Structure formats: C-alpha cells, structure tokens
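Enquirer: Have a look at the structure that comes next, please.
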Amino acid sequence: MKSVHDIEFKQYGRVLDVDTAEFVATMKAKEAIKEGVVYEPSDADLEALPLFKQMQDEVYGGLEVEFGFCRGYNNKLNAVEYHRNSEINIAVTDMILILGMQQDMNSDFTYETSKMEAFLVPAGTTVELYATTLHYAPCGVSGNGFKDIIILPRDTNTDLDNVPSKNGEEALLFAKNKWLIGHKESGLESDGAFIGLIGENLSV
C-alpha cells in the first residue's frame, strides 16, 4: 500500500493544499448508509460553501463545476473510469484509491488490472486525479465505510442525451463525460457497461 504523499502518486495526480474543514464537517453531518455505495453528482449543501467558488475559479479556471459525493462500503475495484478532465477528491474519511493509467489501455480498450496501484488517501486530504488516470469508487480502510467529496465539470456522470454506438471508444461511454470499463464480476454489464477489465477484480 502506497500513500498519495509518496512519489509514485505523481504520475496519477497531485495533492492540493486546501482548507477542507468546512466541507468535511458538512459531509460528516449527512445521514450514514449501512451498505452499498451511493453517488450524487451534485449536492446543494456542498455547493453553498465558499470553497465551491474558489475551486471553480482557481482549479478549474472558471469552468462551471459540480460538487458531489460518493459514500458507502466498498472493497473491490469492479470497474475503471476516466474523464476528459481532472477530478478532485476530498477524503472525508481515510480511503483507498486503486489507480491506473489510460496510456496502458490495450488497443481494443481492454485493460489489465495487474497494472494498477493502490494509494491511501488520509482523511482531510484533497487530491487531483489527472484526466488520464483510471479510477473508480474508493475503498474503505479495514472494512470501514468511506466518504468522499468529488468535484467535476457540471453535468459529468449524468445521463446521456443520446445512445452511444458500440464501436471503438464510444462503446465505453457510460454517462456524460464518463468512459467506463467494467469487470465481469461487477454486474455492470446488465446496465450496458463495456466489460473489458482483464485479470483479478482487485480488492483491499
């Protein structure tokens, strides 16, 4: 297990020096869930805080963004996704990110899970994942649940307006600005996901 503070993380992203105390407190106050994983692309409570405008102006250069969250219980990779832009993650709890690189995808858009690395993100840490970084829902630490605030350009991960073709990279398009490769054990095939992760469904 590596940490996002280790040099190996630099090819995947960077740690940002951001005061997240107000965000973490707001997220901790939300009702806990007992099982599974819940993702909300946009949350009004988070977007009402001053850091929303700061991140939009300073990190995304004025691009309209959304502040959402992912929380729950997870210990498996199940899939990888990527966007056409960086994703900001604010760890409300300790959590683990399993990461890979888009450059290592095979020409048929499959990907070998043996090429991925796991990184601990300590609670309160803010990380930027570069656009070429393959990632998915965080995993909890020692069987505990996780809470993660996620910042992306507005409308990312929302429903597509058009049905994508099943040809080339477009076959991976699962939601707006979300290209996804699922593992055969994930159950995502029933949702129309492209199944192309080769090897073990990594777990922590």
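Enquirer: What does a probe at D104 reach in the stretch 163-204, counting residues whose amide N is under 17 Å from the point 7 Å along Cα→Cβ?
Expert: 181-183, 196-204
Enquirer: For K10 and D161, what is the calculated FRET efficiency with R₀ set at 30 Å and r taken between the beta-carbons, to the nearest 0.05? List each step's numbers first, then the result.
Expert: Numbers: r = 36 Å, r/R0 = 1.21.
Result of the calculation: an efficiency of 0.25.
Enquirer: Which order do the peptides 142-150, 173-181, 154-162, 11-19 take when ranked by the mean count of other beta-carbon atoms within 10 Å per residue, highest first?
Expert: Working: 142-150: 17.7, 173-181: 19.4, 154-162: 13.2, 11-19: 15.2.
Result, highest mean Cβ count within 10 Å first: 173-181, 142-150, 11-19, 154-162.
Enquirer: A further question on this structure: Please give the per residue accessible area of the chain, computed with a probe of 1.4 Å over protein heavy atoms only, in Å².
Expert: Values: 9730 Å² over 204 residues.
Averaged over the residues of the chain, the accessible area is 48 Å².
Enquirer: Also, quick follow-up: Using a 10 Å cut-off on Cβ atoms, rank the peptides 66-73, 191-198 from the highest mean neighbour count down.
Expert: Values: 66-73: 21.4, 191-198: 17.8.
Highest mean packing first, the order is 66-73, 191-198.
Enquirer: What percent of all Cα-Cα pairs in the stretch 56-204 falls in each 5 Å bin, counting up from 0?
Expert: Distribution as computed: 2, 10, 19, 22, 22, 16, 8, 2, 0 percent.
Enquirer: Counting each DSSP H run of 4 or more residues in the chain as -39500 (n - 2.57), what helix-only mean residue ellipticity at 222 nm follows after dividing by all residues, to the nearest 500 deg cm²/dmol?
Expert: Details: 3 runs with 17 residues, N = 204.
Theoretical 222 nm ellipticity from helices: -2000 deg cm²/dmol.
Enquirer: Using r as the Cβ-Cβ distance of A29 and N144, and R0 as 22 Å, what FRET efficiency do you calculate, to the nearest 0.05?
Expert: Working: r = 18 Å, r/R0 = 0.82.
About 0.75, to the nearest 0.05.
Enquirer: How much length is gained if the chain between V38 and N201 is pulled fully straight, taking 0.36 nm per residue apart and subtracting their Cα-Cα distance, in nm to one decimal? Before the final figure, lay out each step's value.
Expert: Details: separation 163, 0.36 × 163 = 58.68 nm, distance 2.01 nm.
Contour length minus the Cα-Cα distance gives 56.7 nm.
Enquirer: Within the chain, how many lysine pairs that are 8 or more places apart, or on different chains, have C-alpha atoms less than 13 Å apart? It would help to have the intermediate numbers written out before the result.
Expert: On the way: K2/K10; K28/K147; K30/K147; K34/K147; K76/K184.
Lysine pairs meeting the criterion: 5.
Enquirer: Next question. Counting only protein heavy atoms and using a 1.4 Å probe, what share of the accessible area of the chain belongs to carbon plus sulfur, as a whole percent?
Expert: 47
The values are calculated or read from the model by the stated rules, or taken from the named source; none is laboratory data. This one's a predicted model, so the numbers in the text were calculated from it and none came from an experiment. Every residue, glycine as well, gets a Cβ built from its backbone with ideal geometry; the counts of neighbours run over all protein chains shown. Side chains included, ligands, DNA and RNA excluded: accessible areas come from the protein's heavy atoms. Shrake-Rupley method; radii C 1.70, N 1.55, O 1.52, S 1.80 Å.
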